[in-house]
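The values are calculated or read from the model by the stated rules, or taken from the named source; none is laboratory data. Note that the coordinates shown come from a computational prediction; the quantities given were computed from them, not determined experimentally. Cβ: placed from backbone, ideal geometry, glycine included. Neighbour counts: every protein chain shown. Accessible surface is based on the protein model in full, side chains and every heavy atom, while ligands, DNA and RNA are left aside. Shrake-Rupley method; radii C 1.70, N 1.55, O 1.52, S 1.80 Å.
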Amino acid sequence: QVQLVESGGGLVQPGGSLRLSCAASGSIFSIYAMGWYRQAPGKQRELVAAITSGGSANYADSVKGRFTISRDNAKNTVYLQMNSLKPEDTAVYYCNQGVSYYYLEHFTEYHYWGQGTQVTVSS
């Protein structure tokens, strides 16, 4: 079982930036794809960015060009650099792992989820 600890959230003004971190333990981190998800009040959890074990990244259209996902396998950590933040980015952000992008999109319902980290974008 993997343990996931998200950090780095906070309150930021529109147009600002944050970098989120997700530290993973309890698995062979380097072999898994990693994803960042968010859940806003009244909305479903959505996958916003994912990165494969080889470093290939995908993004939701809503964040493309503004967010960058990266990973440091030596630190068992995945990051989400968020720039040009908008109020609609406000959500609790979570990370998780899977064998592929498709798996991260569709098969994480019963995965372990950490506490997440709150991102609030407001003026």
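Starting from the residue with the highest accessible area, list Asp61, Asp89, Asp72 in decreasing order, probe 1.4 Å. Kindly include the intermediate steps, with their values, before the conclusion.
On the way: Asp61 130, Asp89 0, Asp72 50 Å².
Final ranking, largest accessible area leading: Asp61, Asp72, Asp89.
Considering Cα pairs under 8 angstrom that are at least six residues apart, work out the relative contact order of the chain and quote it in whole percent. Intermediate results must be reported in sequence, preceding the final value.
Details: 290 pairs, mean separation 44.4, N = 123.
Answer for the chain is 36 percent.
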- Query: Per-residue HN-Hα couplings for the stretch 40-47, Karplus 6.51 cos²θ - 1.76 cosθ + 1.60 at θ = phi - 60°, whole Hz, x for Gly and Pro?
  - Reply: 9, x, x, 10, 6, 5, 10, 7
- Task: With unit charges on the beta carbon (Lys/Arg positive, Asp/Glu negative), name the residue among Tyr101, Gly10, Tyr37 whose Cα is farthest towards the positive pole of the charge dipole of the chain.
- Result: Gly10
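For the stretch 1-55, with all protein chains present and a 1.4 Å probe, just round the carbon and sulfur fraction of the accessible area to a whole percent. Don't skip to the answer; put the middle values down first.
Numbers: 1350 of 2760 Å².
Whole-percent figure for carbon plus sulfur exposure: 49.
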- Magnitude of the charge dipole, the chain, Cβ model with Lys/Arg +1 and Asp/Glu -1, debye to 20: 200
- Task: Binning at 10 Å from 0, report for the stretch 35-99 what percent of all alpha-carbon pair distances ends up in each bin.
- Result: 20, 56, 22, 2
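What's the FRET efficiency of Glu46 with Leu11 using the Cβ-Cβ distance as r and R₀ = 25 Å, to the nearest 0.05?
Numbers: r = 21 Å, r/R0 = 0.86.
So, using R0 = 25 Å, E works out to roughly 0.70.
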- How large is the accessible surface per residue of the stretch 41-111, computed with a 1.4 Å probe and reported in Å² as a whole number? 55
- Item | Translational diffusion coefficient (Stokes-Einstein; Kirkwood radius from C-alpha pairs) of the chain at 4 °C, 1.567 mPa s, in µm²/s | 91
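Given a 1.4 angstrom probe, I'd like the percentage of the accessible area of the stretch 78-123 that is carbon and sulfur, rounded to a whole number. Kindly include the intermediate steps, with their values, before the conclusion.
Details: 1200 of 2420 Å².
Carbon plus sulfur share of accessible area: 50 percent.
Output the peptides 40-46, 21-27 sorted from most to least packed, where packing is the average of other Cβ atoms within 10 Å over each peptide's residues. Kindly include the intermediate steps, with their values, before the conclusion.
On the way: 40-46: 10.6, 21-27: 16.9.
Taking the mean over residues of other Cβ atoms within 10 Å, the ranking is 21-27, 40-46.
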